[in-house]
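Remarks on the structure that follows.
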Amino acid sequence: MSTSFPEIEAYLHDLHVVRQLSVHTLKAYRIDLLTLQENILAESLDLNRVSNQLIRRWSATLHAKGKSPRTIARTLSVWRGFYDWLALEGEAQGSRSSLYTNPVADVKAPKRSKLLPKALSVEQAIALIEHAAKDAKDKKDWEFLRDHAIIELLYSSGLRLSELLGLDIEASRFSAGWLDWAAAEVSVLGKGNKRRTIPVGKPAMLALHAWKEAREGSVPTGDEAALFVSIQGKRLSPRTVQARLRALAIRAGLPTHVHPHMMRHSFASHVLQSSHDLRAVQEMLGHASIASTQIYTSLDFQHLAKAYDNAHPRAKTKSSNK
């Protein structure tokens, strides 16, 4: 459908020439503006006769058609930008008045549903760690010993990737974070420059000791302070950890993309499932607000609901009962 309003074509031309938006973005803008045009023509109106009430009704119509809150928010943003542009054009021509008052100014999209963090099941997490342990044992390569120690520590302590990579092998006055080998604890400087100390489980400590021994014997010298280093001896980069973990998950046969933050989610979800101690999980994760931690109660409920569906004899309708 071609545009009937020359203002729309002029706006799209301005976006292309002045703002140099991509072809893909311009195509999305055109679709949203054509929707606006269709609505206006259906009401037999002009651009300057669109009211705030009409915009709200058209937004509700999009919602009724099954458009997601994200899509509606984008559409309203395009419409709002278009009417802002019309107002500026009128001002540039010395004719700004109430003619182009932005009818979209205070119209908001429906609230987006909060996406739950993705976490591995307990079985998947164990399978991933066991595969890392097998690699470390079979391949006789220090990189696999390092990877095993990393995955164990991520799952044991729920560290953010930046916190893990900032760990030093021992404390110094320059350290942002370090591993206390005797106490089996990590101390990190988290968000908001808040320091916290998290216990490290025995399996993780065993993997870390194995890595420490390999690191001292065969890893190139470079960043001697860093706990985890690359093949060049420098402090390990986030991209390397992400790539190694992704490859490990593939080798382990997991049916999902695994990334370091998923291990943090898995740690929080599984500890909460076992302990039901929200405050303790909040402290270990370093959340400033309990609300950030409460989202894991939804994951806990999902786990319980799945267990119910799998175990309860009345949870499913038997197809044989006809």
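What follows draws every value from the coordinates through simple rules; no lab data is involved. Source: prediction; values computed, not measured. Cβ atoms come from the backbone with ideal geometry, glycine included; neighbour counts cover every protein chain shown.
Things to note:
- DSSP beta bridges in the stretch 122-311 [antiparallel fraction, %, rounded to 5]: 85
- Packing-based order for 179-188, 154-163, using average beta carbon neighbours within 10 Å, highest first: 154-163, 179-188
- Approximating the spin labels as points 7 Å out from Cα along Cα→Cβ, the Thr71-to-Ser275 distance works out to 4.3 nm.
- Kirkwood Rh, angstrom, the stretch 122-311 [1 / mean 1/r, Cα pairs]: 17.2
- The slack between Ser51 and His257, meaning 0.36 nm per residue of separation minus the straight C-alpha distance, is 69.5 nm.
- Loop sites in the stretch 177-215: trypsin sites (Lys or Arg not before Pro), DSSP, at most 13 other Cβ within 10 Å: Lys194
- Over the stretch 6-100, equivalent-ellipsoid semi-axes from the Cα gyration tensor in Å: 22, 19, 11
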